[in-house]
Every structure is written in structure tokens, then in C-alpha cells.
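Note sheet for the following structure.
All of the numbers you see were taken from the coordinates with simple rules; none came from a lab. Keep in mind that what you see is a predicted model, and the values were worked out from it rather than measured. Because the Cβ atoms are built from the backbone with ideal geometry, glycine has one as well, and the counts that use them run over all protein chains shown.
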């Protein structure tokens with residue numbers, strides 16, 4: 001499985017993806033699920049993928065192949081994020097049609113093209129998509145439920161990016177704790193609005209000092225809050 | 001949807017069920033999903049249900065109809081919990097076979113029959129089942145993922161029943177916060193080992209003072225732990 005989360009907030013976006021893929025418990029590997037397409041001063045596009053690896057890798061390969069094509073609409077030629085979402089949705093639908101009904105894939109597309117605000121989309125296997133809003137400033141794909149409660153409690157549209165990243169990392173920790181098919185290392189990225197850069201990207205392994213520290217502090221903190229609840233009275 | 005959790009611990013068992021059922025967002029109702037069959041000094045059986053309401057209500061109706069039958073094996077005649085699980089699994093499979101492939105249901109069966117320790121089973125739509133153990137002392141059915149991380153962090157086989165109930169209530173709170181198809185009121189029950197009683201049962205509504213209090217304290221506590229995490233350093 002997979003767990004990816006992306007947030008579109010007032011000051012920019014953050015993206016967090018795990019790297020584990022599995023086909024049965026005896027075949028667990030690490031693959032990158034966070035992909036950046038960037039052109040200085042002009043556009044930054046981030047794709048995160050969940051679902052069948054053959055499907056999502058094909059979609060990424062084909063999108064990459066077409067980049068810069070003079071004939072075909074492609075990631076670098078679209079003039080706005082909505083058109084990029086359409087393009088990616090079409091590609092996903094085409095690959096799934098080719099590969100067969102038993103496969104599936106879902107994508108998150110975030111980023112910014114000059115002339116627009118940053119935008120975030122969740123693209124379904126059917127090729128259609130929804131867009132994040134001020135009220136729902138984040139999307140998750142893959143094994144999303146374990147890590148949803150903490151995001152719902154903490155995240156607001158105006159949450160600063162650093163805090164949002166802490167929230168996403170804690171959300172990932174809850175998922176890691178409850179599901180062995182989601183695993184470290186993580187790929188994480190910040191995108192600050194209007195920079196059109198490839199953001200700040202980090203690779204977080206089991207040994208990462210800060211992540212280890214907050215995982216421990218979070219676990220201890222939860223147990224401490226729990227132990228301080230007043231005695232049961234029903 | 002539904003969220004039910006049952007725990008089999010060193011000093012007894014606890015059961016927590018929500019009461020919401022829905023068939024589309026415009027048809028949301030409350031039904032009891034926690035059912036107790038009891039015979040003084042001899043047996044206590046608790047069934048919790050998730051899935052299609054027509055299916056699980058039929059299973060319960062048929063099990064209740066057969067109770068006390070002289071000819072048929074029934075909930076009151078089985079001499080051990082394994083045989084009860086078999087009986088319930090057969091009934092579930094039969095009803096699903098009758099109603100059709102598009103329906104599904106899952107049950108939790110907990111309790112104690114004289115001569116045995118308390119036991120807890122999760123019964124699948126196929127009629128087979130798994131039993132809780134010292135290492136995995138709890139089962140969840142329905143919308144289980146939102147509320148799993150807190151149980152995994154807190155619950156051990158020797159957790160006292162009062163603490164286990166607090167943990168189940170917090171787990172339910174995480175689920176309520178993230179999924180509108182799970183809803184109050186809750187039915188909760190304690191069973192203390194070797195009492196063969198119908199336990200202590202409580203009905204928890206939105207206005208329940210203790211539950212309101214710990215929901216607020218939990219939410220505040222989490223936000224406080226989160227805000228005390230050291231500044232992000234990647």
C-alpha cells in the first residue's frame with residue numbers, strides 16, 4: 001500500500017509520501033511516489049501516486065515522454081493547472097483501459113503555473129478529479145484513514161507550512177504504527193507560493209533524528225494525555 | 001456505516017458500538033448493534049454487527065427464534081464458545097446466501113460459557129472466524145481504521161477494564177470526528193470474568209457529561225502535545 005498526503009495552504013503547499021510498495025507480504029520494495037516537474041520562474045508540478053505500481057509508473061513514464069513535445073499537450077505546455085489535471089486524468093484513464101479492469105490508481109496533482117495561485121487536485125481512476133479548497137485544504141491517497149483524525153484536528157488553511165509538515169509527519173506516524181504495508185523512508189517537499197522552484201525536498205529514513213524524536217514525543221504525549229483523563233464515570 | 005470494538009482482557013471484556021446505520025446520506029437512522037444473550041450463572045453472549053442491516057437483523061432474529069429449541073443447536077445449547085461461533089457463522093452464511101451476493105455482514109461474538117475463560121471471535125461473511133489472543137486482545141468491525149492507532153498505542157492484555165473503556169471511547173471519538181456515517185448514541189458494556197451476568201450496560205448520548213468531558217480533554221490534550229513538539233528540523 002501507500003500513504004500520500006498533500007496540503008494547499010495560504011502560504012504554499014506541502015507533500016509527503018511513503019515509499020513502500022507491495023505485492024503480497026513477501027514482495028515489499030521501495031519506490032519513489034513523489035514526482036516533480038519544474039520550469040524556473042514558470043511552473044512547478046508535483047504528482048503523488050497510489051495504487052497499482054505498473055499503472056502509476058506507466059502514467060508517469062508517458063507524461064515524462066511527452067514533456068516538451070511540440071504536437072501534444074503536455075505537462076510543460078498546459079497554461080493552467082486545470083488543464084494539467086485533465087491531461088493527467090486522461091492519461092490515467094488510458095493506461096487503465098489498456099492494462100485492464102483489475103487495476104487501479106489514484107493521483108494527487110499539486111503545484112502552480114504562473115498567473116494562477118497554487119492548486120491541488122485529487123485525480124480518480126475514472127480520470128475525473130476534485131480540487132482542494134479553503135474548507136478542505138488537503139487530500140490523502142492510499143491508506144488514508146489511520147492518519148486522518150490528527151489532520152482534521154490540527155490543520156487549517158492558514159496553518160504555517162512548518163506546522164503543517166509536522167502534522168503530516170505525525171499523520172504518517174499513525175499510519176506506520178497501524179499498517180505494515182506503509183513504510184519508511186518518506187519523501188517530503190515544501191513549495192512556497194510564487195517561487196516556481198523545485199521546493200525544499202527531504203528524504204526521511206528510520207534514522208532521521210528529528211523524525212525519530214517527534215515520533216517518540218508524540219507517542220509519550222498521547223499516553224500522558226490519556227493517563228490524565230478523569231476516572232471513568234458512566 | 002458502523003464502528004464496533006470489543007476487547008478481551010485479563011479481567012474481562014468490554015464492548016462498544018455506535019448506533020448509526022445509513023443507506024445513502026438522506027436515510028440515516030439509529031439501530032442497536034449490541035445484543036446480549038444471557039443465562040444466570042451459566043453463559044453470557046454478546047453479538048455486535050456491522051454491514052448490511054437487513055442481513056445482520058435477520059441473523060439476530062433467527063438466532064433469537066431458535067433460542068431454547070429442543071431440536072436445533074442454538075445459542076443457549078452450545079457447550080462452548082467455539083460452537084457458538086460456528087453456529088453464528090453458519091447462520092450468517094445462510095442469510096447471505098439467501099439474500100444475494102451484493103450484501104455483506106461481519107459480526108463480533110464475545111462472552112463466556114461456564115467451564116471456559118471469556119473468548120472473543122470475529123466472524124466473517126464467509127462464516128469462518130478468528131479468535132482474539134493475548135497478543136491481539138481486541139477486534140474492530142465497520143469503520144475501524146480511524147480509531148485503530150489509539151488502541152494500538154494504549155491497549156495491552158492486562159489493561160484494566162476502566163482504562164480499556166476509556167481507550168475504546170477515545171477510539172470512537174476519533175472515528176466520529178472523521179466519518180459522519182458513524183454516530184452517537186453509543187451502546188457500551190462491561191463484562192467481568194466469571195460473573196455470567198448481563199454486565200454493566202450504558203447508553204451514551206451526545207449530552208453524556210463524562211463522554212463530553214473526555215472528548216474535550218482529549219482534543220485539547222492532543223493539540224497541546226502537538227504544539228509542544230520541537231520546531232521542525234529536516
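For chain B, the longest principal axis of the alpha carbon atoms and the long axis of helix B:209-227 meet at an angle near 50°. Enter the angle in degrees (range 0 to 90, nearest 10) between the Cα long axis of helix B:81-99 and the first principal axis of the Cα atoms of chain B, meaning the one along which they spread out most. Rounded to the nearest ten degrees, it is 90.
As a proxy for reagent exposure, B:190, A:15 were ordered by neighbouring Cβ count within 10 angstrom, fewest first; the result is B:190, A:15. Summary for residue B:100: label point 7 Å along Cα→Cβ; distances to the equivalent points in the other copies, ascending, 2.9 nm.
For the protein assembly as shown, just list the percent of Cα-Cα distances falling in each 10 Å bin from zero outward, please. Each 10 Å bin holds this share of Cα pairs: 4, 19, 26, 23, 17, 9, 3, 1, 0. The slack in the chain from residue A:156 to residue A:98, taken as 0.36 nm per residue of separation less the alpha-carbon distance, amounts to 16.9 nm. Other protein chain C-beta atoms within 10 Å of residue C-beta, averaged over A:215-227: 5. Label point of residue A:136 (7 Å along Cα→beta-carbon): distances to the other copies' equivalent points are 3.3 nm, sorted ascending.
Would you mind getting me the FRET efficiency between residue B:72 and residue B:134? Use the beta-carbon distance for r and R0 = 35 Å, nearest 0.05.
Computed FRET efficiency for residue B:72 and residue B:134 comes out at 0.55.
Round to a whole angstrom and tell me the spacing of the C-alpha centers of segment B:112-129 and segment B:169-234. Going from one Cα centre to the other spans 26 Å. Helix A:53-66 and the long axis of chain A differ in direction by around 40°, with both axes built from C-alpha atoms.
PRE reach from residue A:116 (point 7 Å along Cα→Cβ): which of segment A:46-68 fall under 12 Å by backbone N? In segment A:46-68, the label zone of residue A:116 (backbone N under 12 Å from the point 7 Å along Cα→Cβ) covers A:46. Mean per-residue shielding of peptide B:142-155 is 5, counting Cβ atoms of other chains within 10 Å of each Cβ. Once you order the gyration tensor axes a ≥ b ≥ c over the Cα atoms, which shape class does segment A:100-234 get: rounded for a/c under 1.5, otherwise prolate or oblate by comparing a/b with b/c? Here segment A:100-234 falls in the prolate category. The rotation axis taking chain B to chain A passes closest to this chain B residue's Cβ, listed with the gap in Å: B:145, 2. This ranking places A:113, B:130, B:150 by how few other beta-carbon atoms lie within 10 Å of each, fewest first, which gives B:130, A:113, B:150.
Would you mind estimating how fast chain B diffuses translationally, via Stokes-Einstein at 37 °C and 0.692 mPa s with the Kirkwood radius over Cα pairs, in µm²/s? Intermediate results must be reported in sequence, preceding the final value.
Details: Rh = 18.4 Å.
Rounded, D is 178 µm²/s.
Among B:120, A:87, which comes first, then next, by fewest other beta-carbon atoms within 10 Å?
Numbers: B:120 26, A:87 19.
Final ranking by Cβ density, sparse to dense: A:87, B:120.
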